[in-house]
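Worksheet: the structure to be examined is printed underneath.
The values are calculated or read from the model by the stated rules, or taken from the named source; none is laboratory data. No experiment lies behind these values; they were computed from the predicted model shown. Glycine also receives a Cβ, built like all others from the backbone with ideal geometry; neighbour counts cover every protein chain displayed. Only protein heavy atoms, including side chains, enter the accessible area calculation; ligands, DNA and RNA are left aside. Shrake-Rupley method; radii C 1.70, N 1.55, O 1.52, S 1.80 Å.
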Amino acid sequence: MGFCNSCGRPIVKADYGTNADGSLNDEYCKDCFQNGEFTEPDITLEEMITRKTKEMMEKNPRLPENQATGITVGFIPGLKRWCPEEFWDDEF
Ligand SMILES: [Zn+2]
């Protein structure tokens, strides 16, 4: 099992996004990536973090907001969509 490199949710094969040729893309979920394109190409990193923080708090009503934010802020910016590999090569 992997996770989506855009929104960070865990994905299994049934959740995979699709490439332009219809094949599965195991790096992104189908909510984020369909037919070779992001479903929301204009969403910003901040918007994704806000959305995911909200979702996490809806699933875990007792989770304090600052903790939920701590998790998303620590995780989502490192995903491939927000941190392309070209940059990784420079850093390491
Ligand atoms: Zn996703």
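Residues in segment 24-37 that are closer than 15 Å to Arg9 by Cβ and either among the hydroxyl-bearing types (Ser, Thr, Tyr) or touching a residue at least 12 places away in the same chain (Cβ under 8 Å) (or both): 8 in all. If the condition is being more than 16 Å from Phe3 (Cβ to Cβ), open to solvent by 70 Å² or more (accessible area, probe 1.4 Å) and in a helix (DSSP H, G or I), then segment 52-79 contributes Lys54, Glu58, Glu65, Asn66, Gln67, Val73. Restricted to segment 1-29, and to residues there that are touching a Leu at 6+ places or on another chain (Cβ under 9 Å), open to solvent by 40 Å² or more (accessible area, probe 1.4 Å) and more than 25 Å from Gly70 (Cα to Cα), the residue that is farthest from the ligand (Cβ to nearest atom) is Lys13.
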